[in-house]
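This report concerns only the one structure given below.
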Amino acid sequence: MYDAKNPPPPTGGYRGRFAPSPTGPLHAGSLVAALGSWLDAKKNRGQWLLRIEDIDRPRCISGADQEIMRQLLACGLQWDEEVIWQSERQETYQKALEALNQQKCVYSCTCSRQTIAHTLTSQGIQTPRNQEMVYPATCRPTQIEMDSLSNRATALRLALPKNLLIEFEDEHLGSHTENVSTQVGDFVLRRNDGLFTYQLAVVVDDAEQNITHIVRGTDLLNNTARQIHLQNILGFSRPKYLHLPLVVDEHGEKLSKQTLATQINTENSQSALLELQKAATHLGLRNLPSGENRSIAEWLLAATHAWSNYGSGKT
Ligand code: GLU
Ligand code: ZN
């Protein structure tokens, strides 16, 4: 198993990852993220790691992790090193939380979503549907002391500086700036059910696994600034980011379990190749040999050569 206390030494080389949440099997959208991150890693002669992000356990489906791994292998997307499961890494996240707490930037919050919505409405702020509410800092004490971190019935939030501007470069989309304080607000690190949040877990894991390049769907773009802030205050280095175009359904909605996205068909190598081709087309890869009579390995090699047309193509 991946040993968090003895992470692999930094090699100076490219280390990428695919980090699916096992809320269902791979669909066309998640295959795009898997293929894009795999191609970018291979193009740069790097390592490609698989991390199962089963941190939000109530949303996970039993067996989906095994199914995802089976689908990846059927598509020829073999990972390097041991797979890690976030559900087994609570102690590591707790340590990061304690480090933040020592900086006196963690406080507990008892607000429900309803209270937050109510507070915002009373301040005349409307949150558009599908958009997260900016936390109005209701529970934030004027002076933050170290929290006991023991009360499991409350959420723990990260206190942000005023007007925290985070600027980052996306390898494909270019430069981005976000005011995390006004666009997100003090965000949750540990929920009131005791579970650590994606934001904290992903940052800790990317750092411990020495990930140098994060290639993932554009739906995660608006989490990036929050994650960079956490990297900054935890003293981690910043990986490069590349966000891939999203696959949407006929209503323009992101494919997900909620939109009942169908799982990719990896019944046999011909059907897996067809799925890979669809994903590659979506990534804008041109002039790939048609799949007929071709092995997946051969096709993936051609796709790796074609990749620089879309992605960073640089380390
Ligand atoms: N687990 C996240 C998801 O499946 C992806 C995390 C990431 O790539 O940063 O949406
Ligand atoms: Zn609160």
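The values are calculated or read from the model by the stated rules, or taken from the named source; none is laboratory data. Keep in mind that this is a model prediction, so the values were computed, not measured. Please note: Cβ atoms are built from the backbone with ideal geometry, for glycine as well, and neighbour counts cover all protein chains shown.
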(message) For the stretch 102-116, which positions are buried (at least 16 other Cβ atoms within 10 Å of the Cβ) and either more than 8 Å from ligand 2 (Cβ to nearest atom) or among the small types (Gly, Ala, Ser) (or both)?
(response) Cys105, Val106, Tyr107, Ser108
(message) Of the conditions (1) out of contact with any strand residue (DSSP E or B) (no Cβ under 7 Å at 6 or more places or on another chain); (2) modelled with pLDDT under 95, Ala272 satisfies every one except a single condition; which number is it?
(response) (2)
(message) One residue is enough: does the stretch 6-27 have a residue meeting the conditions more than 27 Å from Leu283 (Cβ to Cβ) and within 16 Å of ligand 2 (Cβ to nearest atom)?
(response) no
(request) Mind listing whichever residues of the stretch 56-87 are among the polar types (S, T, N, Q) and part of a helix (DSSP H, G or I)? (result) Gln66, Gln71, Gln86, Ser87
(message) I'd like the residue in the stretch 121-137 that is of a type in the set (A, V, I, L, M) and more than 12 Å from ligand 2 (Cβ to nearest atom) and, out of all such residues, is farthest from Ala155 (Cα to Cα).
(response) Ile125
(request) Of the numbered conditions (1) in a loop (DSSP other than H, G, I, E, B); (2) among the hydroxyl-bearing types (Ser, Thr, Tyr); (3) over 21 Å from Lys104 (Cα atoms), Tyr241 fails exactly one; give the number of that condition. (result) (1)
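For Ala153, are the conditions met, namely being in contact (Cβ under 8 Å) with a residue 24 or more places away in the chain, in a loop (DSSP other than H, G, I, E, B) and either loosely packed, with under 14 Cβ neighbours inside 10 Å or more than 16 Å from ligand 2 (Cβ to nearest atom) (or both)?
Numbers: in contact (Cβ under 8 Å) with a residue 24 or more places away in the chain: yes; in a loop (DSSP other than H, G, I, E, B): yes; either loosely packed, with under 14 Cβ neighbours inside 10 Å or more than 16 Å from ligand 2 (Cβ to nearest atom) (or both): yes.
So Ala153 passes the test.
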(message) If I ask for residues that are basic (Lys, Arg) and surrounded by 14 or more Cβ atoms within 10 Å (Cβ to Cβ), which ones from the stretch 124-142 would you list?
(response) Arg140
(request) Would you confirm whether any residue within the stretch 83-94 is away from ligand 2 (no atom under 16 Å from the Cβ) and closer than 29 Å to Gln270 by Cα? (result) yes
(message) Checking Val204 against (1) outside any loop (DSSP other than H, G, I, E, B); (2) surrounded by fewer than 20 Cβ atoms within 10 Å (Cβ to Cβ): exactly one of these is not met. Which one?
(response) (2)
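Residue-by-condition table, conditions (1) among the β-branched types (Val, Ile, Thr); (2) over 25 Å from Leu39 (Cβ atoms); (3) buried (at least 21 other Cβ atoms within 10 Å of the Cβ):
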{"position": "Phe168", "(1), (2), (3)": "no, no, no"}
{"position": "Asp193", "(1), (2), (3)": "no, yes, no"}
{"position": "Tyr198", "(1), (2), (3)": "no, no, no"}
{"position": "Thr212", "(1), (2), (3)": "yes, no, yes"}
{"position": "His229", "(1), (2), (3)": "no, yes, yes"}
{"position": "Arg238", "(1), (2), (3)": "no, no, no"}
(message) Checking the structure you have, find out if any residue of the stretch 175-182 is in a loop (DSSP other than H, G, I, E, B), touching a helix residue (DSSP H, G or I) at 6+ places or on another chain (Cβ under 7 Å), hydrophobic (A, V, I, L, M, F, W, C) and under 21 Å from Cys109 (Cβ atoms).
(response) no
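Take the residues in the stretch 106-124 that are of a type in the set (A, V, I, L, M, F, W, C) and touching a strand residue (DSSP E or B) at 6+ places or on another chain (Cβ under 6 Å); name whichever of them is nearest to Pro161 (Cα to Cα).
In this case the residue turns out to be Val106.
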